[in-house]
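Asks: Handing you this structure, nothing more for now.
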Protein chains: 2
Amino acid sequence: MSQTWSIIENGFKVSTNRAYEGLFTLGSGYLHLRGSLEEHLRDAPQNADYMRRPANVTSEKFVETKAKWGAYVPGIYGPHPLCNSELVNLPFFLDLCPVVAGEPLDLERSRIDACTRTLDMRTATLRRELDWDSPSGRIRVSFERFVSAVRPAVCVQRMTLRADRAIEVTVFAGIDADVRTNGYDHFKEAQVTRAGVSAICCHLEIDSGDCVDIESRLIAAGAAWEQHEERRRVRLSAVLKIPAGGSVTVEKRTAVATSRDPGVKSPAEILDAADAAGWDTLHAEHAAAWAARWAGADVLIEGDDEAQLAMRASVYHLLRAHVPGDSRVAIDAKGYAGEAYWGRFFWDTEMYLLPFYLYTDPLRARTLVDFRVRALPGARDNAASYGYRGARYPWESDSDGRECCPNWQYRDHEIHVTADVAYAMAHYARAAEPAYVRGPAAEAIVEAARYWLDRMDRRPGDSHPSILGVMGPNEYGPINSNNAYTNRLAAFALKLAAEVGQEGGATPKERCAFAEAAAGLPIPRAKDGVLVLENEEFATRADPRFNELWRNRNATYAAQVSQERIYRSKCLKQADVLMLMMLFPHEFTDAEVKAAWDYYLPFTTHDSSLSAGAHAIIALRLGLHEQAWEFWRMSADKDIDTEHGGAAEGIHIAGCGANWQIAVLGFAGMATALQSETFTLAPQLPARWKRLVFPVAWRGSRLRVDVAAGRCEVTNLGQEGLQVRVWGESRHLPGGQMIAFERPGKGKR
Amino acid sequence: MSQTWSIIENGFKVSTNRAYEGLFTLGSGYLHLRGSLEEHLRDAPQNADYMRRPANVTSEKFVETKAKWGAYVPGIYGPHPLCNSELVNLPFFLDLCPVVAGEPLDLERSRIDACTRTLDMRTATLRRELDWDSPSGRIRVSFERFVSAVRPAVCVQRMTLRADRAIEVTVFAGIDADVRTNGYDHFKEAQVTRAGVSAICCHLEIDSGDCVDIESRLIAAGAAWEQHEERRRVRLSAVLKIPAGGSVTVEKRTAVATSRDPGVKSPAEILDAADAAGWDTLHAEHAAAWAARWAGADVLIEGDDEAQLAMRASVYHLLRAHVPGDSRVAIDAKGYAGEAYWGRFFWDTEMYLLPFYLYTDPLRARTLVDFRVRALPGARDNAASYGYRGARYPWESDSDGRECCPNWQYRDHEIHVTADVAYAMAHYARAAEPAYVRGPAAEAIVEAARYWLDRMDRRPGDSHPSILGVMGPNEYGPINSNNAYTNRLAAFALKLAAEVGQEGGATPKERCAFAEAAAGLPIPRAKDGVLVLENEEFATRADPRFNELWRNRNATYAAQVSQERIYRSKCLKQADVLMLMMLFPHEFTDAEVKAAWDYYLPFTTHDSSLSAGAHAIIALRLGLHEQAWEFWRMSADKDIDTEHGGAAEGIHIAGCGANWQIAVLGFAGMATALQSETFTLAPQLPARWKRLVFPVAWRGSRLRVDVAAGRCEVTNLGQEGLQVRVWGESRHLPGGQMIAFERPGKGKR
């Protein structure tokens, strides 16, 4: 098994179990399952009602248990007791547990050896191997599972038990519907029943009104299944005999169906369709589908296995978390791998995730922009609820586009998301489907512009309009005037609406107003005219006194000081002006970028996992290779680093998108379609990287980029030719051809 | 009954019942009872658990019922599910209900005539009279009750039934412990039992650990009481016969005792002590105590009965709500007449309430400043929890001085309360007990100054320290730099600590630092040097667009726009710079005050009931008599105006204090002891007021002020002489003497 295709947990530690559960999440888009242990752990109840105390719902608080089950179907939301709705954690159906002479397999209590848990990312398969000194002798236990990429509602599991001598094993397998979401019970009804001789059915009525049905079927030669029933939980058990030197195998196949599915089939129908196929067939078709996905998205890094593994983990989760063909949902903040942020959609979708999909699989990107088009009614309601015309996209959206953010400072003031959405629509159009902004997105673009127009103020004495009372991407500055990022993005959104507004129902007069407002919005600058100010107030804030107050640099600054101090201090949670400069590189001179870098970096905490990406890319623009490398490291490790929490509460999916951006937009120096009409690269690889290879979908073309040692090969995989510019050299690349560019000058990297 | 001593509800309307319940609250300081109907109304349950939904606890939400019982003992708090603690609503023991031929008296369902409910403020007695066409004939029903000023744990009730013909009546009377506080059940245990032939006992264990015992005794000639029991409720009933042309009377006496009481007596002991006394005796001693209170506090207004009644209502509630001799509590935001603001203590105590007590009964004022001294440990914890040295008083305090404010923008940023507390300590000392600031308060004053010193920032390039990230009194500006009010008050607090700090444990070096910081804190001003800016950012805010957005001027601006708009707009909830100018009149020229008035008034919504007072007083300084009168009207009506909510959720007790301030500091122009060493008046009465008479306690002296038609008499009720200045004329006033001053010049008012 390749070290760069598999993430391996060697041994087992309770303290990192949750992190691996998150990191090892499997999914088909439709269905996502955390990498929990089939046999579970004792004393790790999954039905604690800890939301009873209202204080617990105002922010995220996670009950520290040894394990956290998670089964999610994007779109299955339940009402959140505080703020509209949350993604529902569905019943645990992975249950598969061998018991020998009364001793259940238990990684904490049993004598265990040679224990590994491995995510094979190439085939999206999770495997576990261990030796168990059971009361009747040593058993080699193997677990395997995958969520089928071909049958996205199906999870297939297999447990194989091998022993040198004959051992009698009782195998338990069930469905446990006594689970909670963030400590809250969303099941109005949960019926778990035995179905036939070797199957279990679960029927759920969610408190949102949706219904979910689950069926698990057990396949084991010669097994006679007995039934065990508890509240909301049914298990079957059978006694199996491992022959001396041989093995027994139990397979478990589960299908999920929900009332949201178009043309609903029952789980039984779904399972029936796979009935004839064996494990090998089912796995082969699944692996083939993943092979195709990887072919269109894999980023190969040679010379740095650590980076390669981190990059693969990011791309794996990006491929997994996206729901193909379903624009009723986007990708939630934790990539459907946990319940943090309640399964909601942020600007992460537009600014961190979209580029990966745009430049690897535009069809997937389309569902993400379509999601915001579908959410237009919700955005209109949201604008109206604040007293504005047009459409205002929510800071935290559920699948209906409703605002779900419980904290007013973000909900009310972090309004740039409405511009980010318009930016993403234009980005999609430019990169993949030019007609999109005058077609499906036109109305949303116009409505967003109407909101911006109404949201502006013109202060007495000012010659320009202003956007006041905003929080920019830097969430440590709560309420500011003329945030540079927000203003520039809003100007983009307004200009876009001025251009395509006719198709979206804007009158000529409105379009003039859009254009005028776009032209007028200021970018605040210091007196020197060079330093771009985050907002009008930033320079007047207090020194954050990092040396004195931020003692433990392994923990966030925010964990060590009060929010009150943060809100009055010159400190950044993440890139703000630099994020702007990353998006609009041609609008700022190197001197301006350098001035911003020098000014803001000392104030930046990188408390947000969204910070490192923009910093790495800007560092590369400034030729600061060491710093770029540090930021890459900071970003790359986030989920992989299981010792420091990692993906315990879910995948930092925006960080995954950022990792892809650092590699492709950073180290390979690819300009986005909004930044350049021509396909453009300016690679500058880290010293340790010998080679960087990745595929690109570019405005209808398919390309393959291969960078190594001062040389960059671009292959046109399609029929039509296109212009390509690498390291400033522009050449025509015919269909089916490759051009090799040489890095000019010395200091080749 | 004098129209200026009694508030009369004529007839009965369900829609205003809650407002009258609040307005008619009786109390002894120790015990407070809303003016609820003895027989209650049907379909107005008082045991609804509406706090189960967490969304309801983040802000105040009141379930709309026809009636709201309220029985409060200051200091009896229970844990609040969201923010520390809340004042507990105790059982309803006023229950007294006549039933004739199966028909209970019911103001909604019975045929009722000539119905009045009257609060006689002179004797703090609540009376109700009505004619009831009962099934057996017309009955004149009278209810009377008072909470004894002499026996503060005792409530005495009497019901008299008169009829022209003989009528048999069944009278019910009980204690109902099935009540909630803001929809939350605070009783771990609630036992209600019959005690002897005609008494009911209630024993409560509060979830805070405190215990409360209540006993009600019934006195009715010849009554044979039967028992009725429900969950947490016991009633006794007896059949009584009204003789033709005669009457029957039922008396109910209730005593309350709590585990917080020093030297706890049982309710039985307390009632036993009053046993020999009849209604008349008990009421006479009570009325005598109130007569003494009024003698020291009544503000007589001749020529304007409406103003007189409003002023009496304010003074009545100020006299009622204060807890004599108990510095373990202050006066909560609703004057112990409702559950809004959860029974918590705000800066209202120091800035709105204290002056009334200081200048009428300094012993009462002392408990209020002592309360903050006692709360020093809580204030220290609070500072530490934010990472600061010293003591930081909470924005919303419970009786333990713990921060209870659930909304971070106030909790974190409205820090001026810590300076207000120091200001109040100095105010008390100067007005009543000079040694106080170097004695009991010294440590608290030093600790507050240590907090301020640590809370300051010095920005690069600034020659002065700054207080950043604050909300001033104007709660519509959430996070600002160098709020003028906060800076000036903090400077006051620091200078005070520099002066008296030695006694409070401050080192000489610390005291130097306090003095230096006090001298350095800036008051931001516009470029013209005249306009004092609320803070550094105010002038850059957006126009609030009142004309367009604030359509219904009978409702608050805040009810018609989003908080988001408010937070970016130039709008004021209440006086901020003007409040500062009211407190420090000599530090601002008339031109500066006029500039502030002209600038801020158009932006001021007066959405807070705390706004009108400062505006009225500043208007008088500027000679704007009509506007002063408008602000007086705005302030005076708040609780009296039952048609617009009034006191439904409790008394606007700070507004009561403001009303007194408008009359005494405004219309009589009295300078406070912090503003003048000499007792100083500059009366300018409203045109409608023929005469204004009030007593004043001034630095150990007792005075009587009598203003009428360009003449002002000041009588020295004590032995020692003092200097008195009226209308600029300074004279010595010997003990026991009166001086009459004539208003100089023309335009006498």
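Asks: Name the residues in the range A:716-726 that are open to solvent by 30 Å² or more (accessible area, probe 1.4 Å) and farther than 16 Å from A:ALA671 by Cα, would you?
Replies: Within the range A:716-726, A:LEU717, A:GLN719, A:GLU720, A:GLY721 meet the criteria.
Asks: Shifting gears a bit: Testing B:ASP275 on (1) under 28 Å from the mean Cα position of the chain (by Cα); (2) open to solvent by 50 Å² or more (accessible area, probe 1.4 Å); (3) at pLDDT below 95, one condition comes back false. Which one is that?
Replies: Answer for B:ASP275: the failing condition is (1).
Asks: Wholly within the range B:338-396, which helices (runs of 4 or more DSSP H) include no fewer than the required count, namely at least 1 residues that are within 25 Å of B:VAL88 (Cβ to Cβ) and out of contact with any Pro (no Cβ under 7 Å at 6 or more places or on another chain)?
Replies: Here the list reads B:362-374, B:376-385.
Asks: Scan the range A:478-490 residue by residue and report those that are open to solvent by less than 10 Å² (accessible area, probe 1.4 Å) and at negative phi.
Replies: If the condition is that a residue be open to solvent by less than 10 Å² (accessible area, probe 1.4 Å) and at negative phi, then A:PRO478, A:ASN480, A:SER481, A:ASN483, A:ALA484, A:TYR485, A:THR486, A:ASN487, A:LEU489, A:ALA490 are the ones that fit.
Asks: When the range B:452-462 is examined, which residues are found to be within 14 Å of chain A (Cβ to nearest Cβ) and not in a loop (DSSP other than H, G, I, E, B)?
Replies: B:ASP454, B:ARG455, B:ASP457
Asks: Looking at A:PRO522, A:PRO465 in this structure, which one is within 34 Å of the chain's Cα centre (by Cα) and either surrounded by 15 or more Cβ atoms within 10 Å (Cβ to Cβ) or away from chain B (no Cβ under 14 Å) (or both)?
Replies: Within the list A:PRO522, A:PRO465, the selection yields A:PRO522.
Asks: Across the range A:529-569, what is the number of residues that are in a loop (DSSP other than H, G, I, E, B), open to solvent by 40 Å² or more (accessible area, probe 1.4 Å) and within 11 Å of another protein chain (Cβ to nearest Cβ)?
Replies: Result for the range A:529-569: 4.
Asks: Would it be correct to say that B:ALA195 is open to solvent by less than 70 Å² (accessible area, probe 1.4 Å), in contact with an Asp or Glu (Cβ under 8 Å, 6 or more places away or on another chain) and closer than 30 Å to B:VAL705 by Cα?
Replies: Considered against the rule, which asks whether it is open to solvent by less than 70 Å² (accessible area, probe 1.4 Å), in contact with an Asp or Glu (Cβ under 8 Å, 6 or more places away or on another chain) and closer than 30 Å to B:VAL705 by Cα, B:ALA195 comes out as no.
Asks: Sticking with this one: Select from the range A:518-527 the residues that are out of contact with any Phe, Trp or Tyr (no Cβ under 9 Å at 6 or more places or on another chain), in a loop (DSSP other than H, G, I, E, B) and free of Cβ contacts under 8 Å to residues at least 24 places away in the same chain and list them in ascending order.
Replies: Hit for the range A:518-527 is A:LYS527, nothing else.
Asks: Tally up the residues in the range B:397-407 that are within 14 Å of chain A (Cβ to nearest Cβ) and either part of a helix (DSSP H, G or I) or surrounded by fewer than 24 Cβ atoms within 10 Å (Cβ to Cβ) (or both), please.
Replies: Counting residues in the range B:397-407 that are within 14 Å of chain A (Cβ to nearest Cβ) and either part of a helix (DSSP H, G or I) or surrounded by fewer than 24 Cβ atoms within 10 Å (Cβ to Cβ) (or both) gives 4.
Asks: List every residue pair whose Cβ atoms sit under 7 Å apart, with the two residues 6 or more apart in sequence or on different chains, where the first one lies in the range A:286-308 and is over 19 Å from A:ALA658 (Cβ atoms) and the second, anywhere, is assigned to a helix (DSSP H, G or I) and open to solvent by less than 30 Å² (accessible area, probe 1.4 Å).
Replies: Partner pairs satisfying both residue conditions: A:ARG293/A:LEU319.
Every residue, every condition in (1) in contact (Cβ under 8 Å) with a residue 24 or more places away in the chain; (2) closer than 23 Å to A:CYS405 by Cα; (3) within 14 Å of another protein chain (Cβ to nearest Cβ), yes or no:
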position: A:GLY75; (1), (2), (3): yes, yes, no
position: A:GLY78; (1), (2), (3): yes, yes, no
position: A:ASN84; (1), (2), (3): yes, yes, yes
position: A:ASN89; (1), (2), (3): yes, yes, no
position: A:ASP95; (1), (2), (3): yes, no, no
position: A:PRO104; (1), (2), (3): yes, no, no
position: A:ARG111; (1), (2), (3): no, no, no
position: A:ASP120; (1), (2), (3): yes, no, no
position: A:THR123; (1), (2), (3): yes, no, no
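Asks: Can you pull out the residues in the range A:128-143 that are surrounded by fewer than 19 Cβ atoms within 10 Å (Cβ to Cβ) and under 32 Å from the mean Cα position of the chain (by Cα)?
Replies: Hits for the range A:128-143 are A:GLU129, A:SER142.
Asks: Tell me whether the range A:108-118 contains one or more residues that are within 19 Å of A:GLY70 (Cβ to Cβ) and among the hydrophobic types (A, V, I, L, M, F, W, C).
Replies: For the range A:108-118, residues within 19 Å of A:GLY70 (Cβ to Cβ) and among the hydrophobic types (A, V, I, L, M, F, W, C): absent.
Asks: How many residues does the range B:206-215 contain that are open to solvent by 10 Å² or more (accessible area, probe 1.4 Å) and closer than 26 Å to B:THR65 by Cβ?
Replies: Final tally of qualifying residues: 2.
Asks: Hey, another quick one. Can we say A:LEU665 is open to solvent by less than 30 Å² (accessible area, probe 1.4 Å) and more than 25 Å from A:ALA333 (Cα to Cα)?
Replies: Judged against the criteria, A:LEU665 is not a match.
Asks: Count, please, the residues in the range B:178-196 that happen to be under 19 Å from B:GLY343 (Cβ atoms) and assigned to a loop (DSSP other than H, G, I, E, B).
Replies: Selection size over the range B:178-196: 6.
Asks: Please pick out the residue among A:TYR436, A:TYR428, A:TYR410 that is under 30 Å from A:ALA697 (Cα atoms) and either at the interface with chain B (Cβ under 10 Å from one of its Cβ atoms) or under 23 Å from the mean Cα position of the chain (by Cα) (or both).
Replies: A:TYR428
Asks: If I filter the range B:238-257 for residues that are more than 23 Å from B:HIS283 (Cα to Cα) and polar (S, T, N, Q), do I get at least one hit?
Replies: Taking every residue of the range B:238-257 in turn, none turns out to be more than 23 Å from B:HIS283 (Cα to Cα) and polar (S, T, N, Q).
Asks: Now a separate question. Regarding the range A:428-451, can at least one residue be identified that is open to solvent by 10 Å² or more (accessible area, probe 1.4 Å), in a loop (DSSP other than H, G, I, E, B) and farther than 27 Å from A:LEU353 by Cβ?
Replies: no
Asks: Go through A:VAL156, A:VAL179, A:VAL150, A:VAL169 for me and flag whichever is among the hydrophobic types (A, V, I, L, M, F, W, C), surrounded by fewer than 20 Cβ atoms within 10 Å (Cβ to Cβ) and at pLDDT 95 or above.
Replies: Going through A:VAL156, A:VAL179, A:VAL150, A:VAL169 in turn, the sole match is A:VAL150.
Asks: Filter the range B:1-39 for residues that are part of a strand (DSSP E or B) and of a type in the set (A, V, I, L, M) and give the result.
Replies: Listed by number, the residues that qualify are B:ILE7, B:ILE8, B:LEU26, B:LEU33.
Asks: Restricting to the range B:468-480, give me the number of residues that are within 10 Å of chain A (Cβ to nearest Cβ) and touching a residue at least 40 places away in the same chain (Cβ under 8 Å).
Replies: 6
Asks: Identify all residues within the range B:570-595 that are open to solvent by 10 Å² or more (accessible area, probe 1.4 Å) and among the aliphatic types (A, V, I, L, M); write none if there are none.
Replies: Residues satisfying the conditions are B:MET582, B:LEU583, B:ALA591, B:ALA595.
Asks: Output the residues belonging to the range A:263-311 that are farther than 20 Å from A:GLU205 by Cβ and part of a loop (DSSP other than H, G, I, E, B).
Replies: Matches in the range A:263-311: A:GLY263, A:ALA274, A:ASP275, A:ALA276, A:ALA277, A:GLY278, A:GLY296, A:ALA297, A:ASP298, A:VAL299, A:GLY303, A:ASP304.
Asks: Hey, another quick one. Within the range B:413-425, how many residues are within 25 Å of A:ILE566 (Cα to Cα), assigned to a helix (DSSP H, G or I) and away from chain A (no Cβ under 11 Å)?
Replies: So the answer is 4.
Asks: Could you give me the residue pairs with C-beta distances under 9 Å whose first residue belongs to the range A:378-396 and is within 14 Å of chain B (Cβ to nearest Cβ) and in contact (Cβ under 8 Å) with a residue 40 or more places away in the chain, whose second residue is assigned to a loop (DSSP other than H, G, I, E, B) and of a type in the set (Val, Ile, Thr) wherever it lies, and which are 6+ apart or on separate chains?
Replies: A:ARG392/A:ILE415; A:TRP395/A:ILE415
Asks: Right, A:GLU720: under 30 Å from the mean Cα position of the chain (by Cα) and among the acidic types (Asp, Glu) or not?
Replies: no
The values are calculated or read from the model by the stated rules, or taken from the named source; none is laboratory data. As the structure is a computational prediction, the values presented were derived from the model and not from experiment. Using ideal geometry, Cβ is built from the backbone for each residue, glycine included, and neighbour counts are taken over all protein chains shown. Please note that ligands, DNA and RNA were not included when accessible areas were found on the heavy atoms of the full protein model with its side chains. Shrake-Rupley method; radii C 1.70, N 1.55, O 1.52, S 1.80 Å.
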